[in-house]
1. Would you check if there is a residue in region 29-36 being surrounded by fewer than 16 Cβ atoms within 10 Å (Cβ to Cβ) and over 16 Å from C114 (Cβ atoms)?
2. Please state which of the following conditions L25 fails to meet, knowing it meets all the rest: (1) over 24 Å from L118 (Cα atoms); (2) part of a loop (DSSP other than H, G, I, E, B).
3. Modelled with pLDDT of 80 or more, exposed (fewer than 15 other Cβ atoms within 10 Å of the Cβ), charged (D, E, K, R) and not assigned by the TED database to the domain that holds I143, is that true of D93?
4. Given (1) under 30 Å from R116 (Cβ atoms); (2) part of a loop (DSSP other than H, G, I, E, B), identify the lone condition not met by S46.
5. Of everything in region 102-154 that's outside any helix (DSSP H, G or I) and aliphatic (A, V, I, L, M), which residue is farthest from S46 (Cα to Cα)?
6. Looking at region 1-28, which of the residues that are open to solvent by 50 Å² or more (accessible area, probe 1.4 Å) and basic (K, R) is nearest to A91 (Cα to Cα)?
7. Quickly run through region 96-154 and pick out the residues that are farther than 30 Å from A32 by Cα, among the β-branched types (V, I, T) and either in the same structural domain as M44 (by the TED database) or surrounded by 11 or more Cβ atoms within 10 Å (Cβ to Cβ) (or both).
Amino acid sequence: MARFRAFTAGIDAEDILQEAILRALTSRSCPAGLKMEYFLMAVMRSIASAIIARRKRDEARYCSELDLVVSPLAPDDACEIAERAAAWRQAFDDVVAGSPEIERVVDGIDQGLCGRALAEFANTDRARLASVRKAIKRNVNSICVELIKLDKAA
């Protein structure tokens, strides 16, 4: 999750993970019953969102102050970014595999839900939730192998 959030924010994965741990230990309080990994994922999401928002604000301010047009990326960089984004979108679609149930569970996990709260959010019982999570893990494992091969090829 740190690698994904770091990719979206354009920073190093280790940096965002360390910042999340630091914030969790100093300035944030984890709700009772929430697993620490889910709490850290939420903190990383918050950090990445703040970085992206700040970057957009700064870019807009600098462009308006200097009345400059932001130069587009070099064609090779733009192409690589587009290819990677398409690969990640396709990977997520492959994980979901057209199942609204899997999509609800993934959305609930992204919101930091687990256990009974996740089952209620996904509109299922806990036994079915366990089956859906196993299916998600199987899908992710097979898809990650392909993404790692793609990354090594680049």
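1. yes
2. The failed condition is (2).
3. Criteria not met by D93.
4. Going through the list (1) under 30 Å from R116 (Cβ atoms); (2) part of a loop (DSSP other than H, G, I, E, B), S46 breaks only (2).
5. Going through region 102-154, the residues outside any helix (DSSP H, G or I) turn out to be 111-114, 122-125, 154.
This time we only want the ones that are aliphatic (A, V, I, L, M), so: 113, 122, 154.
Numbers: L113: 16, A122: 23, A154: 29 Å.
Filtering first and then ranking leaves A154.
6. Per the criteria, the residue is R3.
7. I143
The values are calculated or read from the model by the stated rules, or taken from the named source; none is laboratory data. Note that the structure is predicted; figures quoted are calculated from it, not measured. Positions of Cβ are backbone-derived with ideal geometry, glycine not excepted, and every protein chain shown enters the neighbour counts. Each accessible area value is taken on the protein alone, full model and side chains, heavy atoms only, with ligands, DNA and RNA left out. Shrake-Rupley method; radii C 1.70, N 1.55, O 1.52, S 1.80 Å.
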